[in-house]
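In what follows, a single structure is set out as structure tokens and then discussed.
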Amino acid sequence: MKRLNSISLFRIILLLVISTVFNNIWTLIGSITVLTVFNYKETVVYLSAISILYLSYKLQNTELFLSLDIINPVTAFLKNRILAYKDETQNILKTILFNEYDYSNIYNLSYGLTSYYLVKTVGRKKTIYGFILLVIFSLMFGFNRKYLIFLSDSLLKRFINDTRNRNIISIFMILIIGPDIIHDKSLFIVLLIKMFFLFKSEISFEMYLFIVESILFGYTDLITLFFFKYLILIRAFIYISSIIVLLIPSLENVYLRLIELYSFINNSLTIKINGSLNVISLIFIICFIYVFKIRNSYIQITLVSLYLIFNLNVPYTSVSFIDVGQGDSILIRDSFNRNVTLIDTGSKYSYYKLEKYLKGKSIRNIDYLVVTHEDEDHSGNINNLKNDFSIKETVVDGKDICSGDIILKYLNLGEYDNDNDNSFVYFTDINGISFLFTGDISRNAELSYIEKYGYSADILKVSHHGSDTASSNLFISTVLPEISVISTNGKYNHPSQKTLNTLENYISKTLITKEEGNIEFIFLYRLCIVKTNSEWFVII
């Protein structure tokens with residue numbers, strides 16, 4: 001009893017210290033959980049490890065650490081050294097060695113995992129060698145948060161023998177320290193792969209990779225799945241070759257030929273399955289595999305592929321404001337993609353974002369492509385879409401659109417002497433939630449809307465990317481939107497502070513694609529769930 005009281009007192013004191021020092025609710029909740037499960041010795045190990053990792057994470061965000069020329073002259077020197085190479089070589093080396101790549105690309109993303117793979121592999125032989133390699137990589141290319149996973153594993157391995165418990169604690173620690181890691185996809189994938197080993201008896205590794213890639217990228221490559229263990233070795237060779245050519249410039253031409261050969265082989269051997277799994281689909285698939293005891297990886301992947309190909313992964317109606325940078329693109333679709341309407345296409349410079357999103361939703365056919373007006377940031381991808389998708393009708397004249405159970409009512413605001421005010425304006429109601437899509441109209445056309453229609457709307461697509469040429473007090477007081485969506489990447493000082501102040505005055509929650517990414521309104525019976533990159537909430 002005396003020992004129990006001592007441990008309880010010890011834990012209470014630690015909790016008080018944690019809540020005061022860390023001031024982080026996730027740390028507090030996690031510590032409470034751990035302190036009630038482990039004995040005091042294990043608790044000390046856990047808290048020591050998390051304290052070290054927390055401090056190292058905090059150090060990275062200080063101004064001193066961010067000054068790479070001061071804190072890490074080796075990294076600064078190597079980055080400057082790259083500038084002496086050909087542009088093509090510069091881009092490749094920045095991608096492979098410094099992780100300066102577009103996160104939407106799986107092929108590039110794999111390079112971001114390679115240094116972790118090398119450190120981990122060497123560390124399995126002898127931990128000290130892994131630490132030495134980690135230090136070398138950090139000095140040369142900067143410390144990456146993926147290495148925190150290796151550090152946590154190395155610390156916990158000395159005190160906890162059970163691999164399963166060690167993985168759980170390691171994952172838990174990293175999530176507590178940096179809950180924003182979900183936005184760092186290369187780090188997030190490392191964690192997800194690590195989590196696989198917690199329930200590998202139910203799902204094959206290939207199946208798990210399929211799920212991860214599908215959720216994160218909206219598509220997956222079957223060749224990557226089945227040959228992952230070999231591809232990671234080849235990419236490790238490419239990674240080491242990149243380090244060598246950085247140190248020996250005379251090998252640049254040979255290196256470029258090697259990259260060309262690898263790229264040719266990699267691009268030729270691709271079997272792509274488009275579509276993104278959602279929570280509902282994921283639960284269904286896992287339950288199906290568990291109930292029918294399907295363990296063969298080929299059968300598992302075949303089932304998921306068919307699930308995506310036949311659009312069974314989208315059993316709900318939704319309205320999505322796609323993040324296409326400085327431009328507009330709005331997707332409206334029935335469950336299982338029975339009827340699909342796309343309002344505007346965004347700029348041609350952001351087509352990769354639009355294509356990725358549409359294919360991630362398993363969309364191959366578009367019933368109605370509506371172009372609200374001819375500005376490039378609204379109509380720039382008409383030809384691209386026609387080449388890559390089957391389009392039933394392109395709407396270039398204002399008219400009502402009946403897309404399955406969804407009716408888009410065209411609001412004729414008259415004719416003006418400029419394209420913006422001649423934008424097609426549409427109003428729709430889905431399960432009691434109303435939407436108003438305003439194109440790029442200005443205050444002149446807003447006055448016509450007030451005089452002719454005067455509808456209020458729950459969701460407003462704010463006109464002209466939040467410019468102060470629109471969204472007058474009179475217009476917003478008429479529409480009274482509960483949520484206002486602004487599609488912009490911040491160019492031209494959009495949205496204007498004046499527009500934001502007006503929306504705030506009328507207590508409208510503002511969602512901006514620059515900050516939130518893709519903004520999706522999901523309809524499940526009478527519920528409307530709003531999903532963004534940073535939050536989920538429900539409109540009732």
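Below are the figures for this structure:
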| read-out | value |
| --- | --- |
| Enumeration of residues in region 243-287 that are small (Gly, Ala, Ser), more than 22 Å from the chain's Cα centre (by Cα) and either under 30 Å from Ile522 (Cβ atoms) or modelled with pLDDT under 90 (or both) | Ser263, Ser268 |
| Ser477 polar (S, T, N, Q), in a loop (DSSP other than H, G, I, E, B), open to solvent by 10 Å² or more (accessible area, probe 1.4 Å) and touching a residue at least 24 places away in the same chain (Cβ under 8 Å) | no |
| Pairs, first within 13 Å of Ser471 (Cβ to Cβ) and open to solvent by less than 80 Å² (accessible area, probe 1.4 Å) in region 487-507, second among the aromatic types (Phe, Trp, Tyr) and not in a loop (DSSP other than H, G, I, E, B), C-beta under 9 Å, six or more apart | Thr502/Phe475 |
| Count - residues of region 246-295 that are closer than 25 Å to Ile363 by Cβ and not in a helix (DSSP H, G or I) | 9 |
| Hits in region 380-409 (condition: under 19 Å from Pro315 (Cα atoms) and open to solvent by less than 80 Å² (accessible area, probe 1.4 Å)) | Ser403, Gly404, Ile406 |
| Condition met for Ser115 (open to solvent by less than 20 Å² (accessible area, probe 1.4 Å), at pLDDT below 80 and of a type outside the set (Phe, Trp, Tyr)) | no |
| Meets criteria (hydroxyl-bearing (Ser, Thr, Tyr), open to solvent by 80 Å² or more (accessible area, probe 1.4 Å) and either without any contact (Cβ under 8 Å) to a residue 12 or more places away in the chain or touching a Gly at 6+ places or on another chain (Cβ under 6 Å) (or both)) for Tyr298 | yes |
| Hits in region 342-360 - residues which are farther than 9 Å from Asn274 by Cβ, in contact with a Gly (Cβ under 8 Å, 6 or more places away or on another chain) and not aromatic (Phe, Trp, Tyr) | Asp344, Thr345, Gly346, Ser347, Lys348, Ser350, Lys353, Leu354, Lys356 |
| Which listed residue, of Ile441, Ile450, is farther than 27 Å from Ser335 by Cβ, at pLDDT 95 or above, open to solvent by 10 Å² or more (accessible area, probe 1.4 Å) and not aromatic (Phe, Trp, Tyr) | Ile450 |
| Yes/no for Asp377 being open to solvent by less than 70 Å² (accessible area, probe 1.4 Å), charged (D, E, K, R) and part of a loop (DSSP other than H, G, I, E, B) | no |
| Residue within region 453-471 that is basic (Lys, Arg) and in a strand (DSSP E or B) present | yes |
| Tally of residues being outside any helix (DSSP H, G or I), open to solvent by 70 Å² or more (accessible area, probe 1.4 Å) and closer than 21 Å to Ala76 by Cβ across region 120-144 | 0 |
| Condition broken by Ser281, with the remaining ones in (1) among the polar types (S, T, N, Q); (2) under 25 Å from Phe227 (Cα atoms); (3) open to solvent by less than 70 Å² (accessible area, probe 1.4 Å) satisfied | (2) |
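The values are calculated or read from the model by the stated rules, or taken from the named source; none is laboratory data. Keep in mind it's a predicted model, so treat the numbers as computed, not measured. Here the Cβ is made from the backbone with ideal geometry for all residues, glycine too, and neighbour counts use every protein chain on show. Calculation scope for accessible area: heavy atoms of the full protein, side chains included, ligands and nucleic acids excluded. Shrake-Rupley method; radii C 1.70, N 1.55, O 1.52, S 1.80 Å.
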